[in-house]
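Reviewing the structure listed below.
The values are calculated or read from the model by the stated rules, or taken from the named source; none is laboratory data. Bear in mind that the values here come from a model prediction, so they are computed numbers and not experimental data. All Cβ positions, glycine included, derive from the backbone under ideal geometry; neighbour counts span all protein chains shown.
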Amino acid sequence: MTVEQIHRDAENDTIERRRYLEVLHRFTMSQAELTDLDDICWYIAKTAIGDLGFEDCVVYLLNEGGDTLIQRAAHGPKNPERREILDPIEIPIGEGIVGSVAKTGRYEVIHDARDDQRYITDDQFRCSELAVPIVCNKRVIGVLDSEHEAVGFYSDEDIQLFTTIAALAATRIDTALALERLELQAVALQEAREAANAASAAKSQFLAAMSHDMRTPLTAIIGFAELLDSADVDDRQRADWSRRIVKNSEYMKEMVGNVLDMAAIESGQVQVKVTPFNPHEWLSDTLDLVAPRARDKGLVLRSTVDDQLPPVIEADASKLREILINLLSNAIKYTEAGEVHLSARFESSDSGDRLTLVVEDTGLGIEAESLQQVFEPFTRVHDVEQFSTIEGTGLGLTVVKSFADAMGGKVDVESTVGKGSRFTLRIPCRAAHDRVADESGGSAIASENSVLRGRRLLVCEDSETVQALIGFVLERAGATVETALNGGEGLHKFLAAKQSSRPFDAVITDMQMPVMTGYELAASIRQHDQMPILALTAYAQEEDEKRCLAAGCTAYQTKPIDTETFAITVTRLFSGDTAS
Ligand code: ADP
């Protein structure tokens, strides 16, 4: 080596060194002003292209779980200007060259990727690749990666510069990452807090609405019931007040029904019970239930039933009834003038039979943007202040939708503000060709026909009022009734009667009672006797039915009882047909 050569090499070294120092100086000065993670990453990529003369540069950062590298910035032919990465590349730790660098924490330079099996082609094959780890506090937090189409493109200086840039940026990236994750956590926390607040506000609103809604019919019930006793009442008034008491009680029963249904829905206990029934009778009974309300508001209540509707279908009649009552009640509630129209259609196709019920009204209508909200629990979409006389809890349609879902059906709504709304329910169900069990039949006759004549019944119930009511209904149907205020007294009377010559024919018992519960009473009776036992409970859930049957009861009836059909329910105890 000549003296000149040594000189020239030294001179080259000095130029190289100066360039090296300049690049790092510029990089350090400029990045000092950056705090945003994207700015920092983008600046690294730009430096690699502008100062190092690379063709492309990608910054990968480790995800929070620490198992995947995610592309955070890229500068190169694919992304020359725009900073945002639309579809960030993700590389699992250990995979490809970038993944290996993240795993080992040591840089890799590939001079000819054709010789390296780990090379992953992204958009196009390139021979050279340089990947250096970004290490902070001895932890790999990301990888800088660059590729070039020429073989052996990256020099030792390139490697040194790239590695130094990674080292200079590491702490800033780590801090920015931590900040970003903190901000995300804060946002998530805030969102969770808002959701919790909204849920609790909805619940308080619901409780307030519920107590208001309960108070209104209760005031009417108590008030009119007290008036009934006064001396100067004529028959017409008495009949009118009785009707009001019944109407308000029915409204309360419906509300409580919805709340219980909601509880079942929330605890995932909705179960579908399919039975054969006569849909024609079912429709007219359901319409009868809401007809007085329509009449009171001067609305026309119409129905159209398709000829194709078979005499017997198989579906969950009780859930269907709740759905239809909710839809009809709403249509009546939210309509001031005009009509409410129910139509029923039945279609058979290869995919099965389907019942479609449409409830249309000429009422207030619903704004387009609120249409889907109406099915949310506790949600009322009209201005509650403006329409303060319309009572509601915002649960009816939630029950409708949950029941429709449970039955494999669907409910849809269309509406025009000021014109009216149309709710359409489509439910898969089967046309049945066998005869229906006589479900309704004798309700009104029950009282007159003395269907329980000659039966000796023991009624155990801790509420004297309910005891008196049940006693009256059963005696009206011809039975002889004895009562007990709890299970203990009930068991005593049962045993005494069994030893005498006149045992009871059946026991009707409340389940929640002091001293001895209905469950205990039923179990004790079963040790001596197989007589029918009818369980009465306020809990209208499937679980409770199972519990009653497990305790030895023959059948199950929820409260409040229907005074019209209760005697029939009791006669079924003797026929072995225990459907409640
Ligand atoms: P609510 O107890 O308030 O009636 P729902 O869940 O049954 O609760 O209905 C939710 C909301 O949807 C109602 O508060 C009302 O704003 C709106 N809505 C329901 N049915 C109708 C209808 N037929 N016409 C207009 N608005 C309706």
Return the residue satisfying two criteria in turn: it lies in the range 418-433 and is outside any strand (DSSP E or B) and within 16 Å of the ligand (Cβ to nearest atom), and of such residues it is surrounded by the fewest Cβ atoms within 10 Å (Cβ to Cβ). Gly418
Any residue that is touching a Lys or Arg at 6+ places or on another chain (Cβ under 6 Å) and exposed (fewer than 15 other Cβ atoms within 10 Å of the Cβ) - is there at least one of those in the range 535-552? yes
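Listed residues Leu521, Leu536; which is within 17 Å of Ile470 (Cβ to Cβ), out of contact with any helix residue (DSSP H, G or I) (no Cβ under 7 Å at 6 or more places or on another chain) and among the aliphatic types (A, V, I, L, M)? Even if it seems obvious, please write down each step before you answer.
On the way: Leu521 fails: out of contact with any helix residue (DSSP H, G or I) (no Cβ under 7 Å at 6 or more places or on another chain).
The conditions single out Leu536.
Scan the range 75-97 for residues that are of a type in the set (A, V, I, L, M) and either more than 42 Å from the chain's Cα centre (by Cα) or not assigned by TED's automatic domain parsing to the domain that holds Thr47 (or both) and jot them down.
Of all residues in the range 75-97, those of a type in the set (A, V, I, L, M) come to 85-86, 89, 91, 93, 97.
Passing the criteria: only Ile97.
Just checking, which of Ile40, Ile49 is at negative phi and touching a Lys or Arg at 6+ places or on another chain (Cβ under 6 Å)? Step through it out loud before you land on a result.
Values: Ile49 fails: touching a Lys or Arg at 6+ places or on another chain (Cβ under 6 Å).
One residue alone meets the criteria, Ile40.
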In the range 229-245, which residues are loosely packed, with under 12 Cβ neighbours inside 10 Å, in a helix (DSSP H, G or I) and either at pLDDT below 80 or of a type in the set (A, V, I, L, M) (or both)? Ala239
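One residue is enough: does the range 352-362 have a residue meeting the conditions near the ligand (Cβ under 7 Å from one of its atoms) and over 13 Å from Leu425 (Cβ atoms)?
yes
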Tell me the residue from Gly338, Gly365 that is surrounded by 14 or more Cβ atoms within 10 Å (Cβ to Cβ), of a type in the set (Gly, Ala, Ser) and over 29 Å from Phe206 (Cβ atoms), please. Gly338
Those residues of the range 167-183 which are within 32 Å of the chain's Cα centre (by Cα) and farther than 15 Å from Asp38 by Cα amount to Leu182
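Tell me which residues, restricted to the range 228-253, are small (Gly, Ala, Ser) and free of Cβ contacts under 8 Å to residues at least 24 places away in the same chain. Steps first, answer last, please.
Initially, the range 228-253 is screened for residues small (Gly, Ala, Ser), giving 230-231, 239, 242, 249.
Within the range 228-253, Ser230, Ala231, Ala239, Ser242 qualify.
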Complete set of residues in the range 261-280 that are surrounded by 13 or more Cβ atoms within 10 Å (Cβ to Cβ) and either in contact with a strand residue (DSSP E or B) (Cβ under 9 Å, 6 or more places away or on another chain) or among the basic types (Lys, Arg) (or both): Val274, Thr275, Pro276, Phe277, Asn278, Pro279, His280
Selected residue (only one of Ser343, Ser318 is in the same structural domain as Phe423 (by TED's automatic domain parsing), part of a helix (DSSP H, G or I) and closer than 22 Å to Gly408 by Cβ): Ser318
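Sort out which residues of the range 246-274 are among the β-branched types (Val, Ile, Thr), part of a helix (DSSP H, G or I) and out of contact with any Leu (no Cβ under 8 Å at 6 or more places or on another chain), and write them in order of number. Please lay out each step first, then the result.
Initially, the range 246-274 is screened for residues among the β-branched types (Val, Ile, Thr), giving 246, 256, 259, 265, 270, 272, 274.
Still in the list and also part of a helix (DSSP H, G or I): 246, 256, 259, 265.
Those that are among the β-branched types (Val, Ile, Thr), part of a helix (DSSP H, G or I) and out of contact with any Leu (no Cβ under 8 Å at 6 or more places or on another chain): Val246, Val256, Ile265.
Among residues belonging to the range 98-130 that are among the β-branched types (Val, Ile, Thr) and more than 51 Å from the chain's Cα centre (by Cα), point out the one that is surrounded by the most Cβ atoms within 10 Å (Cβ to Cβ).
Of the residues in the range 98-130, the ones among the β-branched types (Val, Ile, Thr) are 98, 101, 104, 109-110, 120-121.
With the extra rule that they be more than 51 Å from the chain's Cα centre (by Cα), the set shrinks to 109-110.
Working: Val109: 19, Ile110: 22.
Across the range 98-130, the extreme among qualifying residues is Ile110.
Considering only the range 346-368, state which residues are of a type in the set (Asp, Glu), in a strand (DSSP E or B) and more than 19 Å from Val312 (Cα to Cα).
Residues satisfying the conditions are Glu360, Asp361.
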Hey, among the residues in the range 297-316 that are free of Cβ contacts under 8 Å to residues at least 60 places away in the same chain and among the aliphatic types (A, V, I, L, M), which one's farthest from Leu355 (Cα to Cα)? Leu299
Which residues, taken from the range 380-397, are out of contact with any strand residue (DSSP E or B) (no Cβ under 9 Å at 6 or more places or on another chain) and near the ligand (Cβ under 6 Å from one of its atoms)? Arg380, Val381, His382, Gly392, Thr393, Gly394, Leu395, Gly396
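Does any residue of the range 111-120 turn out to be in a helix (DSSP H, G or I), in the same structural domain as Ala169 (by TED's automatic domain parsing) and closer than 14 Å to Thr68 by Cα? So that I can check it myself, show each step before the final result.
So the first thing to find is which residues in the range 111-120 are in a helix (DSSP H, G or I), and the list is 113-115.
Narrowing further to those that are in the same structural domain as Ala169 (by TED's automatic domain parsing): 113-115.
Now restrict to residues that are closer than 14 Å to Thr68 by Cα: none.
No, every residue in the range 111-120 fails to be in a helix (DSSP H, G or I), in the same structural domain as Ala169 (by TED's automatic domain parsing) and closer than 14 Å to Thr68 by Cα.
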Based on this model, can you work out whether Ala225 counts as of a type in the set (A, V, I, L, M), free of Cβ contacts under 8 Å to residues at least 40 places away in the same chain and farther than 30 Å from Leu34 by Cβ? yes
Within the range 557-575, the count of residues that are in a loop (DSSP other than H, G, I, E, B) and of a type in the set (S, T, N, Q) comes to 2
Output yes when any residue across the range 401-417 is part of a loop (DSSP other than H, G, I, E, B) and near the ligand (Cβ under 8 Å from one of its atoms), and no when none is. no
